[in-house]
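As structure tokens, the structure follows; a few thoughts come after it.
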Amino acid sequence: MESCNCIEPQWPPDDLLMKYQYISDFFIALAYFSIPLELIYFVKKSAVFPYRWVLVQFGAFIVLCGATHLINLWTFRIHTKTVEVVMTTAKVLTAVVSCATALMLVHIIPDLLSVKTRELFLKNKAAELDREMGLIRTQEETGRHVRMLTHEIRSTLDRHTILKTTLVELGRTLALEECALWMPTRTGLELQLAYTLRQQNPVGFTVPIQLPVINQVFSTNRAVKISPNCPVARIRPVSGKYMPGEVVAVRVPLLHLSNFQINDWPELSTKRYALMVLMLPSDSARQWHVHELELVEVVADQVAVALSHAAILEESMRAQQQLLEQNVALDLARREAETAIRARNDFLAVMNHEMRTPMHAIIALSSLLQETELIPEQRLMVEAILKSSNLLATLINDVLDLSRLEDGSLMLDNGVFNLHSMFREVLNLIKPIASVKKLLISTTMAPDVPELAVGDEKRLMQILLNVIGNAVKFTKEGSVSVTALVAKAECLRDARTPEFIPVATDDHFYLRVQVKDSGPGINPQDIPKLFTKFAQPQTPANRNSGGSGLGLAICKRFVSLMEGSIWIESEGLGKGCTAIFVVKLGSPDRSNGAVVPFASNPLANHIQSSFSGLKVLIMDENGVSRTVTKGLLMHLGCDVTTVASSEECLLAVSREYRVIFLDLSMPGFDGFDVAAQIRKRFSKRHERPLIVALTVSTDRLIRENCVRVGMDGCILKPISVDKMRSVLSELLERRTVFEPL
């Protein structure tokens, strides 16, 4: 039995047409699948198309159509029953969806045609602009409130007014229920409730500063929302049941003058903060907006600036008050010091006058007594009296010099003098004392030491006598060497005298003098005390040496006036001592040959021993002083007449008198007036007597006034026989004699 073929034979295929259909269905399916992808992209990018769900349906329809065409690729051959069912189902679904889409398009096409896409776009843009304008208006309003608040808090520099005004203005601007400010206590461990808006809670309540909520607020400069139940937010009393409003807190930096360091940068480690707490009304749905928080933050910064300004003002006012009080105290101290200085000067002037007058009698009479026939014991007594009197006169001079040095009234009397002659004179005064102690004194003058110099010869000589005299006084045996040289400024800098800064000039030079002895030496620890007033090192060698302890103190001040320095070197007790000083002297104009240097005693080798027949007139109010001066002159062979008043002197003056000694401390018509009257009587100088002032004052004005009224000399009491002899010799030789005061 032959098998039966149940499948009906297919039409004979046209191979070329089937190939075209096959390719066409493939590309149609590919196109259908790409269209939904494009629609999806369009829907995502479009912001104004309202009917997106229609596009979804349309996309599904196209996908199904594409799937149908894709399935058709398999219909060109014989398939099984399953394939036919699938194809039938797909085509039925395609028909349903396509029909539904077609019917839907009929209804929505008019709506699609009525949509105005541009107007919708502009409407959206307008709404966006409205939102931006609202934000700008909010920012402007915030700025206006900030400016208003800033103006209010900047209108005063009182700290309490600033803080209270800030709370009031913030409460009014933001419609707050409560606003409070917590300030740090003095210990910095707690925050104290200092100011409140409604004053509902008592001020003074404190909370620990280490609370977590406080640390959270202090750690940022932004306003922070905090719980209404935290300790710093409980700024109103609890009454009944209510819903508390939102609370924010912000830190307020507290800057003071002590916080500012180099370049005015605050020191962050010591910065302290206050805490400002703001509460919205209770039982309301209102919340904090961003612009309100920004307003709070800006105001907190402005308050910090205002408080810093107030702190600076308070500090400056406090400093001004302290400065005023200090100025008043200084002015009072200055007045008291001036009063004390005047009292001291008055006392010294009285002491000087009252002591020099009897000292004049003691020294003069002792010197007269010394030149008489005396037994050895008497001569020793007279020499002891003279020595003690000279020491007392030196002490008086030292005290007066020190007083004038300390109050700044002593000025150097600079002039041209012979530097070499001055050294020789000092050594001539020291050598007799050294020879008694059998000490060898050697002098070395460097070749570059000029013969003439400009400076205060008397003060330089006083320095040399003090320094060399100390070396001789404290050295029992051995030698004393004196070295003088011109030192270069750059070689004089010494770590022991950092305040001494020599400056080299063409018109000046630095004289360096070194005095070295083989005496007992000085403990290095005692060296700084040597230049202190009334101070002497306690060594066995100087316990019985005498002295007031003023010599080196005065020398140091004289050296400072001469822009120099003085110091002492010693390796210790028993190893000798070296005193070194440097002074700045002027170089005279060597082209001026008419300059004659002044020597302290230029006639030392030409002093007359007798002035027999020399007629002298003495005017002195003090009877003892008048008698003593007369005795000195009579001892020298003079014919002496004495008067006790100015009137008697003017009546007695005549051409027969060669010399007139006038005491300046005369009552009423003083010695200056008498000298002026005498000069008027004699028109020719060679006919006029030589007028010499006798004074106990070391005031520089005395000498100036003597020169002004035309006197020929000025001599300081006390006066010994040798001094009077030298004065008369110089006066008769030069017709002038002015002792440096």
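Quick one: of Lys516/Lys584; Lys488/Lys556; Lys488/Lys529; Lys458/Lys684, which pairs are farther than 27 Å apart, Cα to Cα? Flagged as over cut-off: Lys488/Lys529; Lys458/Lys684.
I need to check one value: relative contact order of the stretch 608-741, counting alpha carbon pairs closer than 8 Å and at least 6 residues apart, in percent. About 22 percent, as a whole number. Residue by residue, the stretch 327-337 carries 3J(HN,Hα) couplings of 5, 4, 5, 5, 4, 5, 5, 5, 4, 5, 5 Hz when phi is fed to the Karplus relation 6.51 cos²θ - 1.76 cosθ + 1.60 (θ = phi - 60°); x denotes Gly or Pro. With 32 Å as the limit, write out which pairs from Lys438/Lys630; Lys437/Lys630; Lys575/Lys723; Lys575/Lys717; Lys437/Lys717 have Cα-Cα distances beyond it, or answer none. Listed pairs above 32 Å: Lys438/Lys630; Lys437/Lys630; Lys575/Lys723; Lys575/Lys717.
The candidates Thr627, Thr642, arranged from most to least accessible area with a 1.4 Å probe in the full protein assembly, appear as Thr627, Thr642.
A straight line joining the Cα centroids of the stretch 380-427 and the stretch 437-464 runs 16 Å. Gain on full extension, evaluated as 0.36 nm per residue between Arg685 and Glu132 minus their Cα-Cα distance, stands at 188.0 nm. For the stretch 615-734, a crude dipole built from +1 on the beta carbon of Lys and Arg and -1 on the beta carbon of Asp and Glu, taken about the Cα centre, is about 420 debye to the nearest 20. Between Thr444 and Thr372, the distance separating the two model label sites (each 7 Å from Cα on the Cα→Cβ line) works out to 5.0 nm. Taking Lys615, Lys438, Lys630, Lys717 and ordering them by how much accessible surface each has at a 1.4 Å probe, largest first, produces Lys438, Lys630, Lys615, Lys717. With protein chains left intact and a 1.4 Å probe, residues in the stretch 615-734 average 42 Å² of accessible area per residue. Each of the peptides 696-705, 315-324 was scored by the mean count of other Cβ atoms within 10 Å over its residues; in descending order, highest first, they stand as 696-705, 315-324. Annotation: amide H of Leu550 within the under-5 Å range of Phe534, sequence separation 5 or more or interchain, hydrogens built in the peptide plane. Orientation-averaged projection of the stretch 615-734 equals 6.8 nm² [convex hull of Cα atoms, one quarter of hull surface area]. For Asp158 and Leu332, the FRET efficiency from 1/(1 + (r/R0)^6), where r spans their Cβ atoms and R0 equals 35 Å, is about 0.60.
The label-point distance for Glu190 and Glu571, in a model that sets each label 7 Å from Cα toward Cβ, rounds to 7.2 nm. Between Met317 and Arg222, the contour length at 0.36 nm per residue exceeds the Cα-Cα span by 30.9 nm.
Extension gain, Glu733 to Glu648: 0.36 nm times the residue separation minus the Cα-Cα distance gives 27.7 nm. A 1.4 Å probe, protein heavy atoms only, puts the accessible area of Met351 near 40 Å². Highest mean first, the peptides 670-677, 651-658, 472-479 sorted by other C-beta atoms within 10 Å per residue fall in the order 670-677, 472-479, 651-658.
With a Förster radius of 22 Å applied to the beta-carbon distance between His151 and Asp301, the computed FRET efficiency rounds to 0.90. Shown are Arg626, Arg335, whose ranking by accessible area with a 1.4 Å probe and every protein chain present, most to least, is Arg335, Arg626. Temperature 20 °C, viscosity 1.002 mPa s: under these conditions the Stokes-Einstein estimate for the stretch 406-481, based on its Kirkwood radius over C-alpha pairs, is 155 µm² per second. Using a probe of 1.4 Å on the protein chains alone, the accessible area found for Cys491 is around 100 Å². When the surface is traced with a 1.4 Å probe over the full set of protein chains, Thr443 keeps roughly 60 Å² accessible.
The values are calculated or read from the model by the stated rules, or taken from the named source; none is laboratory data. In this text the structure is predicted, and so the values were computed from the model without any measurement. In this analysis, Cβ positions are derived from the backbone assuming ideal geometry, glycine residues included, and neighbour counts consider all displayed protein chains. Remember, those area values only see protein heavy atoms, side chains included, never the ligands or the DNA or RNA. Shrake-Rupley method; radii C 1.70, N 1.55, O 1.52, S 1.80 Å.
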